[in-house]
1. State the number of residues belonging to the stretch 96-131 that are within 22 Å of the chain's Cα centre (by Cα) and among the charged types (D, E, K, R).
2. Taking the criterion of being surrounded by fewer than 21 Cβ atoms within 10 Å (Cβ to Cβ), modelled with pLDDT of 95 or more and touching a Pro at 6+ places or on another chain (Cβ under 9 Å), would at least one residue in the stretch 128-146 satisfy it?
3. Can you work out which of the residues in the stretch 38-90 that are hydroxyl-bearing (Ser, Thr, Tyr) and part of a loop (DSSP other than H, G, I, E, B) is least open to solvent (accessible area, probe 1.4 Å)?
4. Would you check which residues across the stretch 108-119 are under 17 Å from Tyr4 (Cα atoms) and either of a type in the set (Asp, Glu) or in contact (Cβ under 8 Å) with a residue 12 or more places away in the chain (or both) and list them?
5. Could you say which residue among Asp148, Asp144, Asp114 is outside any helix (DSSP H, G or I) and touching a helix residue (DSSP H, G or I) at 6+ places or on another chain (Cβ under 7 Å)?
6. State all residues of the stretch 154-170 that are open to solvent by less than 50 Å² (accessible area, probe 1.4 Å) and under 16 Å from Arg49 (Cβ atoms); if no residue qualifies, say none.
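The values are calculated or read from the model by the stated rules, or taken from the named source; none is laboratory data. Keep in mind the model is a prediction, meaning the values are calculated, not measured. Note that each Cβ is placed from the backbone with ideal geometry, even for glycine, and that neighbours are counted across all protein chains shown. Surface accessibility is based on the protein's heavy atoms, side chains included, excluding ligands, DNA and RNA. Shrake-Rupley method; radii C 1.70, N 1.55, O 1.52, S 1.80 Å.
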Amino acid sequence: SIRYDPDVVARDRNQAEFTKPIWDYLDSAVSARRISDGRRAGSTHRYRRSQFEAEYGVPAEIVTAIWGLESAYGSFRGDHSTLQSLATLAYDGRRAAFFEGELIAALRILDSGDVRPADMRGSWAGAMGHTQFMPSSLLARAVDFDADGKRDIWADDPTDALASTARYLQSFGWTTDQPWGLEVQVPEGFDYTLARRDIRKTLSEWAALGVKPVIGTAPADARASLLLPAGHKGVALVVFNNFKVLETYNRADAYVIGVGHLSDRISGSRAFQASWPKGDAALSREQMRELQTLLKAG
């Protein structure tokens, strides 16, 4: 029953450029509704959450936040045939090798008996279930946490999907008892050339430079980098190893900050205290490329 799906190709060809400034993205990703829904969803599955938190060492709120951003806590899991989408994208050719590999992985999942072909559904690009796993990630890292004989990330019961997400993060090196990041204050006259991901210091070393947490703390030996997602006029963060782990799910800084901050808000922490430079206009992709070209040439 698999057919070429022109709608999938059209979506692949015309993905909207991500030009939202981070404050607009976070207004949606960490909205009051998403926070309250996350607390409610977490409460509903408290027993299971505590089990996989103990098993994998990943805070339940982090997994809940990913669930919230990926499918609105299971409300929007996608209704495209995964096999049809992947076969179409593999045939289309733009990223043929990648999607061919994902199609083969999807067929192996079917061969394992985890799901029926009719129930293997998800986004137009092949991501599936509550937390939008690609087939290769499911094969490599998903778990049958409820012990029913299937790694079922599609079912209304999100147990396997959430536990699999925790195991995914653990497998990429999640550091237990260390935050993803902390909001910090940066002093006047600070040397902003230190705001680089390859420069890592402990909180005490950052404090000696006048960079101090607004709320929260981290282990004394935890090393972090200074991140300024909107430049020197916006929120400043120190980000730890777990930020890098979350990037394996989605490499966009805005996404990782959204997951981290949503998890904090679900846990009861305050919103970011610094203001965003909302008067600044976001650069288009073409403007970013032009700026990068000019910087490289200079």
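1. Qualifying residue count, the stretch 96-131: 2.
2. The answer is no, given that none of the residues of the stretch 128-146 is surrounded by fewer than 21 Cβ atoms within 10 Å (Cβ to Cβ), modelled with pLDDT of 95 or more and touching a Pro at 6+ places or on another chain (Cβ under 9 Å).
3. Out of the qualifying residues, it is Tyr73.
4. If the condition is that a residue be under 17 Å from Tyr4 (Cα atoms) and either of a type in the set (Asp, Glu) or in contact (Cβ under 8 Å) with a residue 12 or more places away in the chain (or both), then Pro117 is the only one that fits.
5. After applying the criteria, what remains is Asp144.
6. Selection gives Pro158, Thr159, Asp160, Ala161, Leu162, Ala163, Ser164, Thr165, Ala166, Tyr168, Leu169.
Residue-wise test of (1) open to solvent by 50 Å² or more (accessible area, probe 1.4 Å); (2) out of contact with any Gly (no Cβ under 8 Å at 6 or more places or on another chain); (3) free of Cβ contacts under 8 Å to residues at least 24 places away in the same chain; (4) under 27 Å from Leu169 (Cα atoms).
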site	(1), (2), (3), (4)
Ala10	no, yes, yes, no
Asn14	yes, yes, yes, no
Tyr25	no, no, no, yes
Ala32	yes, yes, yes, yes
Ser36	no, yes, yes, yes
Asp92	no, yes, no, no
Glu102	no, no, no, yes
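Residue by residue, here is whether (1) over 15 Å from Arg196 (Cα atoms); (2) touching a strand residue (DSSP E or B) at 6+ places or on another chain (Cβ under 8 Å); (3) of a type outside the set (A, V, I, L, M) holds:
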position: Gly216; (1), (2), (3): yes, yes, yes
position: Leu227; (1), (2), (3): no, yes, no
position: Leu237; (1), (2), (3): no, yes, no
position: Leu246; (1), (2), (3): yes, no, no
position: Asp253; (1), (2), (3): no, yes, yes
position: His261; (1), (2), (3): yes, no, yes
position: Arg265; (1), (2), (3): yes, no, yes
position: Gly268; (1), (2), (3): yes, no, yes
